[in-house]
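Read-outs: derived from the displayed coordinates by stated rules, not from any lab. All values reported here derive from a predicted model rather than from experimental measurement. Every residue, glycine among them, receives a Cβ derived from its backbone with ideal geometry; neighbour counts consider all protein chains shown.
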Amino acid sequence: MRTAIFPGSFDPFTLGHLDVLESALKLFDKVIVAVGYNSNKATSGWFPVDIRIKIIKDSVKPFGKRVDVCCYKELTIDLCHRLGVNFIVRGLRTTTDFEFEGVIAQANKVMDPDIVTVYVQASHEYSFISSTVVRDVLIHNGDATPFLPKGLDIKKYIKQRKELKK
Ligand code: ADP
């Protein structure tokens, strides 16, 4: 069985991420969405990791057992070793993504040449979506539903976040 991990901050998971996941499921039997802490971002993020995981679990329900969700703090390649997975999936929107992703993939390749990074091109209708834009909309009480997986009750998770931050 071919398994890949799809690592990211997912703060929060968007329609863009779902689009990448759907493409990855055409290549792999199973995909593990792995919520990690990016060393270039604030450690805690906007949504706490627990809530990010709940949002992803709600969003990936239609895929059943083909998608797992986990979180990690170690290097992505160490997560691959821990899970026994040899493929990393990442999404590409723009040339900026391409350059940023290239540097990470090259570093990973030096650390473990057996782990292969696979890129999925964003569908043009979702290529402008980013977690940053979604967070900005949510922070200003805007309607982010056009950017989020259908049926996701984001209000419930914003309420949970507020309770936790009290
Ligand atoms: P990170 O902080 O690790 O970049 P993100 O959650 O921002 O984590 O993104 C995870 C992955 O999903 C990255 O490879 C990113 O390029 C990709 N991605 C994010 N939004 C989109 C989108 N709209 N279309 C395609 N790929 C996307």
Quiz item: What angle, in degrees between 0 and 90 and rounded to the nearest 10, separates the Cα long axis of helix 15-27 from the longest principal axis of the Cα atoms of the chain?
Solution: 30
Quiz item: Angle, helix 154-165 long axis vs. longest principal axis of the chain, Cα atoms, 0 to 90°, nearest 10?
Solution: 90
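What number, rounded to the nearest 500 deg cm²/dmol, is the helix-based mean residue ellipticity at 222 nm of the chain, given -39500 (n - 2.57) per DSSP H run of at least four residues and division by all its residues? Walk me through the numbers on the way to the answer.
Values: 6 runs with 70 residues, N = 166.
Only helices count here, giving -13000 deg cm²/dmol.
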Quiz item: What are the ³J(HN,Hα) values, in whole Hz, obtained from phi via the Karplus relation 6.51 cos²θ - 1.76 cosθ + 1.60 with θ = phi - 60°, for each residue of region 70-81 in sequence order, with x given for Gly and Pro?
Solution: 8, 10, 8, 10, 7, 4, 4, 5, 5, 5, 4, 5
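Tell me the GluC sites (Glu not before Pro) within region 1-101 that lie in a loop according to DSSP and have at most 14 other beta-carbon atoms within 10 Å.
Glu74
If the only charges are +1 at each Lys and Arg Cβ and -1 at each Asp and Glu Cβ, what is the size of the charge dipole of region 3-165 around the Cα centre, to the nearest 20 debye?
640
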Self-check item: In order through region 48-64: 3J(HN,Hα) via Karplus (6.51 cos²θ - 1.76 cosθ + 1.60), integer Hz, x for Gly, Pro
Solution: x, 4, 4, 6, 4, 5, 4, 4, 5, 4, 4, 6, 9, 3, x, 8, x
Self-check item: Loop trypsin sites (Lys or Arg not before Pro), region 66-147 (other Cβ atoms within 10 Å of the site Cβ: 14 or fewer; DSSP)
Solution: Lys73
Practice problem: Taking amide H positions as placed in the peptide plane 1.01 Å from N, state which residues far from Gly91 in sequence (5 or more) or on other chains have amide H under 5 Å from it. | Solution: Val120
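Tell me whether region 61-101 comes out rounded, prolate or oblate; compute the Cα gyration tensor, take square roots of the eigenvalues as a ≥ b ≥ c, and use a/c under 1.5 as the rounded threshold.
oblate
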Exercise. On a 0 to 90° scale, report how tilted helix 95-111 is relative to the longest principal axis of the chain, with both axes built from alpha carbons and the result rounded to the nearest 10.
Key: 50
Quiz item: Long-range amide H contacts for Ile32: which residues qualify at under 5 Å (H placed 1.01 Å from N, peptide plane, sequence gap of 5 or more or a different chain)?
Solution: Ala4, Ile5, Phe6, Asp68
Self-check item: Reachable lysines, given that their alpha-carbon falls under 26 Å from the alpha-carbon of Lys159 and they are not under 8 places away in the same chain
Solution: Lys41, Lys54, Lys57, Lys61, Lys73, Lys150
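Take the alpha carbon atoms of the chain, find their radius of gyration, then divide it by 2.2 N^0.38 Å using N residues; give the quotient.
Details: Rg = 15.4 Å, N = 166, 2.2 N^0.38 = 15.3 Å.
Cα Rg divided by the expected 2.2 N^0.38 Å: 1.01.
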